[in-house]
1. Using the 4.7 Å Cβ rule, please list in number order the cysteines from the chain without any candidate partner.
2. What angle do you read, to the nearest 10 degrees and between 0 and 90, between the alpha-carbon axis of helix 3-22 and the longest principal axis of the chain?
3. So what are the chain's ellipsoid semi-axes, whole angstrom, largest first, if each one is the square root of 5 times an eigenvalue of the alpha-carbon gyration tensor?
4. Which FRET efficiency value, to the nearest 0.05, do you get for residue 42 and residue 67 by plugging their Cβ-Cβ distance into 1/(1 + (r/R0)^6) with R0 = 30 Å?
5. How many nm separate the modelled label positions at residue 28 and residue 3, each set 7 Å beyond the Cα in the direction of the Cβ?
6. Give the relative contact order (percent, whole number) for the chain; include only Cα pairs under 8 Å separated by 6+ residues.
7. Lys and Arg at +1, Asp and Glu at -1: add these up for the other residues within a Cβ distance under 13 Å of residue 11 and post the number.
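Each value in this text was obtained by applying a stated rule to the coordinates, not by laboratory testing. The shown structure was predicted, so the numbers you read here are calculated from the model rather than taken from an experiment. Glycine also receives a Cβ, built like all others from the backbone with ideal geometry; neighbour counts cover every protein chain displayed.
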Amino acid sequence: MGAKREWILIAGILFFMIGLLGAGLPLIYSVLIAVAIYIGIKAYVGRKNLKLRQAMPEGICIHCGSKIVDAKCPNCDK
Ligand SMILES: [Zn+2]
């Protein structure tokens, strides 16, 4: 995850936390929920990236996104 997306995620969770505070939730619960969501998203993204790497050990084509077979793209390297 790039640094910019990281900050967008943090900003989104901060706004969500402020929303919870606005809804009358105590600060400590709002912070705990925000941290739990952040950790949950990080864990989800990490698992997804790991699965993607395991499913595509040779990577994907930067042009069309196809799975690379024998270091070639079946669509672009004909
Ligand atoms: Zn391709």
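1. 64 - these cysteines have no disulfide-compatible partner (Cβ-Cβ under 4.7 Å) in the chain.
2. Approximately 30 degrees, to the nearest 10.
3. 40, 12, 8
4. For R0 = 30 Å, the calculated efficiency reads 0.70.
5. So the label points at residue 28 and residue 3 sit 3.6 nm apart.
6. 16
7. Details: positive: 4, 5; negative: 6.
Net charge in that neighbourhood comes out at +1.
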